[in-house]
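See below for the structure under consideration.
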Amino acid sequence: MRKRLNFVSLMILGVLAFTSCGAQASSSTDKSVTNSDSSVRDVFAMDTFMTLKAYGDNADSGLDEAVERIQQLESELSVTDENSEIKKINNASGQSVQVSNDVKILLEKAESKSEETNGALNICLYPILKEWGFTTGEYKIPEQNKLDSMLKNTDVSKIAISDNSVSIPFDYQIDFGALAKGYTSDEIMRILRENGVESAVVSLGGNVQTLGKKPDGSNWKVAITDPFSPDKDMCVIEVGEKAVITSGNYERFFTGDDGKNYWHIIDPKDGYPADNGLVSVTIIGDSGLDCDALSTALFVLGYPDAIDHWRKDSFFDMVLVTTNGEIFYTEGLEGSFTNTSSMSAEVLKIADKS
């Protein structure tokens with residue numbers, strides 16, 4: 001079997017450059033940023049290269065505390081660490097486990113987003129990801145009857161939460177792959193604010209989140225990867241204090257013996273990689289956790305259901321790329337969106353709802 005693995009690349013123009021393996025701090029071409037007092041921390045956690053950059057007198061203390069928080073969250077949320085809370089839940093054979101507030105928050109968010117998206121977000125698919133080999137690197141195309149059997153143990157509504165006590169049914173396993181980095185970037189921003197930091201930008205393996213504006217008062221510029229040419233940018237958006245999070249079929253995939261690509265975003269309906277008309281979904285909003293969850297859920301929902309969801313609950317903006325090579329971006333991005341690709345780009349408006 002031919003095997004190939006790619007990872008998403010997002011870039012903060014003039015501040016951070018993200019390679020196909022993650023994120024690295026780069027030299028800046030923006031003099032207003034270069035001349036400002038800044039501090040940088042590079043961290044490898046949650047199987048991801050992370051870069052945190054903050055400006056101002058309190059940047060060092062804020063970043064040091066943020067790194068400690070990242071390490072704490074990794075110890076709680078890792079699906080492979082034998083001492084993590086998630087591992088304890090998965091190994092409890094249906095018995096209740098006492099969990100931290102972090103885990104409780106993520107479980108409650110997972111349940112609410114699952115309900116809001118008709119099950120498109122599902123944290124109970126970890127055994128199916130393992131069956132495909134996305135957690136081990138031993139890729140294979142599972143038999144459909146095997147997937148059908150495993151899908152019987154993926155009902156998110158059967159997760160029981162009472163105060164800080166959690167239980168899942170026997171033979172269930174959960175993971176927070178679609179939530180953890182978004183929650184972590186929110187926590188980083190909270191800590192930086194509490195330390196008096198007013199300007200910062202972080203990348204957690206392609207999840208970009210900003211605090212305030214750049215030191216010169218201008219907006220941040222975020223380039224989004226072209227899913228058809230992942231070594232190139234597709235568009236640039238200007239944001240103030242926002243999270244910008246992308247899910248795509250080019251992020252992590254392998255090529256099977258049949259010549260087809262199979263990616264890691266699984267459709268809970270059939271256990272196969274979601275293939276519903278979209279190749280990339282970028283969500284822009286105030287909450288990293290919400291953006292992380294929605295980027296996965298709307299990718300699974302596909303085109304045009306993702307647009308319908310936005311029109312019903314338009315507290316966020318988004319950029320969609322279809323399998324036909326068309327870009328759609330929401331009206332809240334008008335004036336801040338620049339198409340740098342050869343693809344057509346169309347604005348989505350609430351009023352266009354039929």
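The values are calculated or read from the model by the stated rules, or taken from the named source; none is laboratory data. Keep in mind it's a predicted model, so treat the numbers as computed, not measured. Every residue, glycine as well, gets a Cβ built from its backbone with ideal geometry; the counts of neighbours run over all protein chains shown.
Please verify whether Ile174 is within 17 Å of the chain's Cα centre (by Cα) and over 19 Å from Ile284 (Cα atoms), treating the condition exactly as stated.
Yes: the conditions hold for Ile174.
Which members of the stretch 125-183 meet the condition of being charged (D, E, K, R) and not in a loop (DSSP other than H, G, I, E, B)?
Across the stretch 125-183, the qualifying residues are Lys130, Glu131, Lys146, Asp148, Lys158, Lys181.
Anything in the stretch 189-225 that is assigned to a loop (DSSP other than H, G, I, E, B) and at negative phi? List them, or say none.
Asn195, Val197, Glu198, Lys213, Lys214, Pro215, Asp216, Ser218, Asn219
Scanning the stretch 97-107 for residues that are over 10 Å from Ile168 (Cβ atoms) and touching a strand residue (DSSP E or B) at 6+ places or on another chain (Cβ under 8 Å), which turns out surrounded by the fewest Cβ atoms within 10 Å (Cβ to Cβ)?
Gln98
Checking Ala160 against (1) more than 24 Å from the chain's Cα centre (by Cα); (2) over 26 Å from Met50 (Cβ atoms); (3) loosely packed, with under 13 Cβ neighbours inside 10 Å, which test does it fail?
Going through (1) more than 24 Å from the chain's Cα centre (by Cα); (2) over 26 Å from Met50 (Cβ atoms); (3) loosely packed, with under 13 Cβ neighbours inside 10 Å one by one, Ala160 breaks only (3).
Considering only residues of the stretch 24-55 that are surrounded by 19 or more Cβ atoms within 10 Å (Cβ to Cβ) and in contact with a Gly (Cβ under 7 Å, 6 or more places away or on another chain), which is modelled with the lowest pLDDT?
Among them, the one singled out is Ser28.
With Ile188, Ile266 as the choices, which residue is in contact with a Pro (Cβ under 9 Å, 6 or more places away or on another chain), surrounded by 22 or more Cβ atoms within 10 Å (Cβ to Cβ) and closer than 28 Å to Ser84 by Cβ?
Selected residue: Ile266, the only one of Ile188, Ile266 that is in contact with a Pro (Cβ under 9 Å, 6 or more places away or on another chain), surrounded by 22 or more Cβ atoms within 10 Å (Cβ to Cβ) and closer than 28 Å to Ser84 by Cβ.
From Ala223, Ala243, which residue is touching a helix residue (DSSP H, G or I) at 6+ places or on another chain (Cβ under 7 Å) and in the same structural domain as Leu298 (by TED's automatic domain parsing)? Can you show your working first?
On the way: Ala223 fails: touching a helix residue (DSSP H, G or I) at 6+ places or on another chain (Cβ under 7 Å).
Checking each option against the conditions leaves just Ala243.
Do you know which residues across the stretch 73-91 are small (Gly, Ala, Ser) and surrounded by 15 or more Cβ atoms within 10 Å (Cβ to Cβ)?
Ser78, Ser84
Under 8 Å between Cβ atoms, at least 6 apart or on separate chains: pull out the pairs that start in the stretch 285-302 with a residue that is of a type in the set (S, T, N, Q) and end on any residue that is part of a helix (DSSP H, G or I).
If the second residue must be part of a helix (DSSP H, G or I), the pairs left are Ser287/Gly182; Ser287/Asp186.
Can you tell me which of Ser287, Ser314, Ser342 is over 30 Å from Leu211 (Cα atoms) and among the small types (Gly, Ala, Ser)?
Testing whether each residue is over 30 Å from Leu211 (Cα atoms) and among the small types (Gly, Ala, Ser) leaves just Ser342.
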